[in-house]
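Data first, discussion second: the structure below is written as structure tokens.
The values are calculated or read from the model by the stated rules, or taken from the named source; none is laboratory data. For clarity, every value in this text was computed on a predicted model and none was experimentally measured. Positions of Cβ are generated from backbone atoms using ideal geometry, with glycine treated the same way; all protein chains shown enter the neighbour counts.
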2 protein chains.
Amino acid sequence: MTNTPKFGRLYGIGVGPGDVDLLTVKAYRLLQNVPVIGVPKRNARAQSYAYSIVKGLTRPNQEILELIFPMTKDVDLLQSHWESAADAIFQRLLLGKDVAFITEGDPFLYSTFTYLFNLFREKYPDVSIDVVPGISSINGAAASAMLPLVYGDRQLAITPATCGIQKLRDTLEGFDTVVLLKVNSVFDDVFELLDELNLVDKSVFVSRCTSPDEMIVHDIRKLRGRKLDYLSLLIIRK
Amino acid sequence: MTNTPKFGRLYGIGVGPGDVDLLTVKAYRLLQNVPVIGVPKRNARAQSYAYSIVKGLTRPNQEILELIFPMTKDVDLLQSHWESAADAIFQRLLLGKDVAFITEGDPFLYSTFTYLFNLFREKYPDVSIDVVPGISSINGAAASAMLPLVYGDRQLAITPATCGIQKLRDTLEGFDTVVLLKVNSVFDDVFELLDELNLVDKSVFVSRCTSPDEMIVHDIRKLRGRKLDYLSLLIIRK
């Protein structure tokens, strides 16, 4: 038998929508036991929402590895930050340490973890990866706002509100229930479309669901022209 | 101050897709502390999948209240069973006991809890209801099969495979990623459609994800003509 050094394992851990009690038991246990926690941030001074959810669980002997992913559409700049993040994680894995990369919601549903996952599959295919699903803001918001999403043979569409107005219109026309993510930057345009389709009174706005800053707005007319939180969504049920 | 007897609280608890460690901490705690656990079953002799996930957590002094919901499209028959279930739960609430109704996945995403929720809102509007979100089979299957669902501006559709072939075609043509639930009874028809749309090699089948009976099939050609589990889905990513 050779004495090959063994890589640590990379975990992509969904920490849920906001309430630490909505972590899974599996995520909870892993976060208390891994030596390194990878924390995504927009810039060096920013708060990490994912870390704000779990920071009460972490222990002094754990390394909090902050990884910067700027909010930009510049693909080259993004790519270089992803590569740096992957390399920083890989260095810990090489030492045999497990790394848990935390992400709000679920790691495979509109999560930055997906880019990291794809990069590891390409650059470091020998690294073992585990994905721990998390409660998404979609299920969290439905529970907070007491809105059953779909049942029976009904259909659900989930889409960023930034997908383009024609796609949005088709989706709203075709589906029983639609969840629109990232509504903050395009709310007024979305409102106009909902108004035209007679869906304003079938829409509920939820931001930072299940967290102490949760906001639920049933009359979305009130939100026009207002600055909205990045972590906000609309549930539209016909 | 009057001495009004206080109703117990009704909890709709998502117990996740199969692995007990994918319960949320909140669900875990509640299930260990409520006096009554409402358990949905198809008939008196059937196993409850939701209960099979959590039975290791329950304690001898808890009442396991079995509630029968037959697999039928007969609306009157279903309605009478829902009414009986609601009444049985209400009797416990009247005694001041909390009742946790368990449901696999998430309570507001294709769950029988939705019918119970609507019935309570109508018949017993004074009862307080809490909904504890759960990991849906969609997130569970994506994690098990290592398939990122959507990222960036991509769109996700979730639909029962039984929604009708034209709706299915429109959905498959219009979306980047589609999750088809309840594929077991219509698999061969769905396969034909996927074949026609050149999506067979972009489809992965998952049943009973994260449970000891989990099955993941990447070449779905093998499944034609086979009897498939009720708790199965297809993830189709373009």
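Summary table below
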read-out: Qualifying residue in region A:162-180 (condition: within 20 Å of B:Asn139 (Cβ to Cβ), aliphatic (A, V, I, L, M) and either in contact (Cβ under 8 Å) with a residue 60 or more places away in the chain or within 7 Å of chain B (Cβ to nearest Cβ) (or both)); value: no
read-out: Strands (runs of 3 or more DSSP E) within region B:35-104 that include 1 or more residues farther than 20 Å from B:Ser211 by Cβ and within 15 Å of the chain's Cα centre (by Cα); value: B:36-41, B:99-103
read-out: Positions within region A:118-141 being touching a strand residue (DSSP E or B) at 6+ places or on another chain (Cβ under 6 Å) and under 27 Å from B:Val20 (Cβ atoms), in sequence order; value: A:Ile129, A:Asp130, A:Val131, A:Val132, A:Pro133, A:Gly134, A:Ile135, A:Ser136, A:Ser137, A:Ile138, A:Ala141
read-out: Meets criteria (within 14 Å of chain B (Cβ to nearest Cβ) and more than 21 Å from A:Asp126 (Cβ to Cβ)) for A:Leu10; value: no
read-out: Condition broken by A:Asp130, with the remaining ones in (1) under 18 Å from the mean Cα position of the chain (by Cα); (2) crowded, with 18+ Cβ neighbours inside 10 Å satisfied; value: (2)
read-out: Region B:92-111, residues that are under 16 Å from B:Ile68 (Cβ atoms) and either aromatic (Phe, Trp, Tyr) or within 14 Å of chain A (Cβ to nearest Cβ) (or both); value: B:Phe101, B:Thr103
read-out: Inter-residue pairs, beta-carbon under 8 Å, first in contact (Cβ under 8 Å) with a residue 40 or more places away in the chain and within 16 Å of B:Pro70 (Cα to Cα) and in region B:33-48, second part of a loop (DSSP other than H, G, I, E, B) and not charged (D, E, K, R), 6+ apart; value: B:Val39/B:Ser48; B:Pro40/B:Ser48; B:Pro40/B:Phe69; B:Pro40/B:Thr112
read-out: Pairs with Cβ under 7 Å, 6+ apart, first in region A:196-211 and hydrophobic (A, V, I, L, M, F, W, C), second at pLDDT 95 or above and in a loop (DSSP other than H, G, I, E, B); value: A:Val204/A:Leu147; A:Val204/A:His218; A:Cys209/A:Pro17; A:Cys209/A:Gly18
read-out: Condition check for B:Asp153: closer than 23 Å to A:Asp176 by Cα, charged (D, E, K, R), surrounded by fewer than 22 Cβ atoms within 10 Å (Cβ to Cβ) and in contact (Cβ under 8 Å) with a residue 40 or more places away in the chain; value: no
read-out: Residue selected from region B:105-127 under the condition of a type in the set (A, V, I, L, M) and surrounded by fewer than 24 Cβ atoms within 10 Å (Cβ to Cβ), by the criterion farthest from the chain's Cα centre (by Cα); value: B:Val127
read-out: Exclusive hit being touching a Cys at 6+ places or on another chain (Cβ under 8 Å), at pLDDT 95 or above and crowded, with 17+ Cβ neighbours inside 10 Å, set A:Gly8, A:Gly38, A:Gly18; value: A:Gly18
read-out: Those residues of region A:112-159 which are of a type in the set (Ser, Thr, Tyr), outside any helix (DSSP H, G or I) and facing chain B (nearest Cβ under 7 Å), in sequence order; value: A:Ser136, A:Tyr151, A:Thr159
read-out: Residue within region B:212-230 that is touching a Leu at 6+ places or on another chain (Cβ under 8 Å), surrounded by fewer than 19 Cβ atoms within 10 Å (Cβ to Cβ) and farther than 17 Å from B:Gly105 by Cα present; value: yes
read-out: Condition check for A:Asp195: acidic (Asp, Glu) and either buried (at least 16 other Cβ atoms within 10 Å of the Cβ) or assigned by the TED database to the domain that holds A:Tyr51 (or both); value: no
read-out: All positions within region B:7-34 that are outside any strand (DSSP E or B) and polar (S, T, N, Q); value: B:Gln32, B:Asn33
